[in-house]
Amino acid sequence: MNQPLQQTPEPSATPPKPRPRRQPRSTNRAYRSHLAHRVGELGEATAAQFYRDEGYRILARNVRYPVGELDVIARAPDPNSTIVFIEVKTRTTLDFGIAEAVTPRKLHRMHRAAYRWLTERHVPWSEVRFDVVAIYLDPTGLASVQRYIGVDDGAR
């Protein structure tokens, strides 16, 4: 059987355009935002467990109002049943400060959100405290936790 010879097409004058390169995931803004959100969630879960291990009862997590947000709210095991509003800052690098990210403005927003949370729930009078928890997640996944108790004014 004779098969017809296949003709090879002549090269065109212009080479085909290269396909646009997709950005690597590490530089993709949406992916970085997703990672930051996941790191924050992991930090908040770590902080909540840290307080649970200390005998605190977790009352709420991720409370958001237009005036501010509260990462973790806990009741202390002390005789006064102090309510503790906890701001969690989690980092995967030590290039920037961790606890220093809590500014006086952020603390003011926490105070406003805490007031709203307390009034909405008609919580009877009790002592209130604001803590900051700084968590560093090293590349191996181990968490280093530092707690600042009774923060009255943020970093300047």
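Values in this text are rule-based calculations from the coordinates and carry no lab data. These figures come from a predicted structure and were not determined experimentally. Positions of Cβ are backbone-derived with ideal geometry, glycine not excepted, and every protein chain shown enters the neighbour counts.
Quick one: give the max-minus-min coordinate of the C-alpha atoms of the range 29-148 along each principal axis, largest first, in Å.
Sorted from largest, the Cα extents of the range 29-148 read 43, 31, 22 Å.
So what J values fall out for the range 92-109 if you push phi through Karplus, 6.51 cos²θ - 1.76 cosθ + 1.60 with θ = phi - 60°, rounded to Hz, Gly and Pro as x?
For the range 92-109, the Karplus-derived couplings read 10, 9, 9, 4, 10, x, 9, 5, 5, 6, 8, 8, x, 5, 4, 5, 4, 5 Hz, x marking Gly and Pro.
Quick one: of the DSSP bridges fully inside the range 29-148, what percent are antiparallel, nearest 5? Could the numbers behind the result be given before it?
Working: 17 of 26 bridges.
If we restrict to bridges inside the range 29-148, about 65 percent are antiparallel.
By its C-alpha gyration tensor, with a ≥ b ≥ c as the square roots of the eigenvalues, how is the range 64-103 shaped: rounded for a/c under 1.5, else prolate for a/b larger than b/c, else oblate?
Oblate.
Among Ala143, Gly68, Phe130, pick out the residue whose Cα is farthest towards the positive end of the charge dipole of the range 29-148, where Lys and Arg carry +1 and Asp and Glu carry -1 on C-beta, about the Cα centre.
Positive-most Cα among the choices belongs to Gly68.
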